[in-house]
Amino acid sequence: MIAPSILNADFLHLQEQIETINKSEADWVHLDIMDGVFVPNISFGIPIVQAIHKISEKPLDVHLMIVQPEKYIGHFTDAGAYNITVHYEACTHLHSIIHQIRDLGVKAGVALNPHTDVNLLKPVLRDLDMVLIMTVNPGFGGQQFIDYSYEKIRELRKLSAVYNPDLLIQVDGGITLENIQALKRTGVDVFVAGTFIFRSNDPVHTIRELKGKI
Ligand code: DX5
Ligand code: ZN
């Protein structure tokens, strides 16, 4: 699946950008929520998610790069999230937060920063719908893909074969036509791409090209 991230889209024409995703072969829309505390950047919040939900024909994949996500999960589900991904590094009570998300009828994901070992997720893997392996340090679009990510994906695929065969593996950061095929072969199911899609001349065509590789 392809989940375009609108972080580097043109916010003056947000409606057009969502309509572009609607008419493309994209599977989800990826929404990056940043609080300026967990990551050194502030993006957008609940009212924008609500507005996008009104016109998006694709499910909303909400990536929370915020501290204390448990305070806001209800607001994001009310705003129309299809799945909510929280960061392992931001959750003291991760198990309870995962169930908070699921009890609201929404799919639950956990994201790992580049330095975080996938084995730390073993105790909660069976409770998850998705694990997001960050392939850049979260905070900004347009960064360089971290090569060590391949090893983490391989390890996670092995763990998921034992504990949760239905688990989706998502990658986010630095995804291009150059690396998407190798990542797919390594076991990735969902690809987030921002800059590569929205800084291209024809995002619909670029999404089709990315889809063609997986
Ligand atoms: C980074 C965000 C990403 C970002 C990806 O913190 O989580 O979703 O938009 O952007 P690109 O594809 O430009 O690396
Ligand atoms: Zn993201």
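The values are calculated or read from the model by the stated rules, or taken from the named source; none is laboratory data. Please read all numbers here as calculations on a predicted model, not as lab measurements. As a convention, Cβ positions derive from the backbone with ideal geometry for all residues, glycine included, and neighbour counts pool all protein chains shown. Accessible surface is based on the protein model in full, side chains and every heavy atom, while ligands, DNA and RNA are left aside. Shrake-Rupley method; radii C 1.70, N 1.55, O 1.52, S 1.80 Å.
Residues that are farther than 20 Å from G141 by Cα and of a type in the set (D, E, K, R) within the range 181-208 comprise K184, R185, D189, R208, listed in sequence order.
Does V162 count as more than 20 Å from D117 (Cα to Cα), assigned to a helix (DSSP H, G or I), over 19 Å from the mean Cα position of the chain (by Cα) and at pLDDT 95 or above?
No.
If the requirement is being touching a helix residue (DSSP H, G or I) at 6+ places or on another chain (Cβ under 9 Å) and surrounded by fewer than 22 Cβ atoms within 10 Å (Cβ to Cβ), which of these qualifies: L121, L104? The unique qualifying residue is L104. For I169, the stated conditions do not hold, so it cannot be described as closer than 28 Å to Q15 by Cα and surrounded by 15 or more Cβ atoms within 10 Å (Cβ to Cβ).
Determine, yes or no, whether Y82 is hydroxyl-bearing (S, T, Y) and within 15 Å of ligand 1 (Cβ to nearest atom). Walk me through how you get there before you give the answer.
Values: hydroxyl-bearing (S, T, Y): yes; within 15 Å of ligand 1 (Cβ to nearest atom): no.
The answer is no for Y82.
Residue selection: G139 satisfies the criterion of being at positive phi, touching a residue at least 24 places away in the same chain (Cβ under 8 Å) and open to solvent by less than 30 Å² (accessible area, probe 1.4 Å).
Residue pairs whose Cβ atoms lie under 7 Å apart, sitting 6 or more positions apart in sequence or on different chains, and linking a residue in the range 8-28 that is under 15 Å from D61 (Cβ atoms) and of a type outside the set (S, T, N, Q) to a partner that is modelled with pLDDT of 95 or more and in a loop (DSSP other than H, G, I, E, B), are I18/S56; I21/K58; A26/K58; D27/M1; D27/K58; W28/M1; W28/K58; W28/P59. Within the range 187-198, being open to solvent by 10 Å² or more (accessible area, probe 1.4 Å), more than 13 Å from G174 (Cβ to Cβ) and within 16 Å of ligand 2 (Cβ to nearest atom) holds for D189, F198. Across the range 183-209, the qualifying residues are those that are in contact (Cβ under 8 Å) with a residue 24 or more places away in the chain, part of a helix (DSSP H, G or I) and within 11 Å of ligand 1 (Cβ to nearest atom), and the one among them that is farthest from K58 (Cα to Cα) is T195.
Within the range 165-182, the set of residues being within 11 Å of ligand 1 (Cβ to nearest atom) and either in contact (Cβ under 8 Å) with a residue 40 or more places away in the chain or assigned to a strand (DSSP E or B) (or both) comprises Q170, V171, D172, I175.
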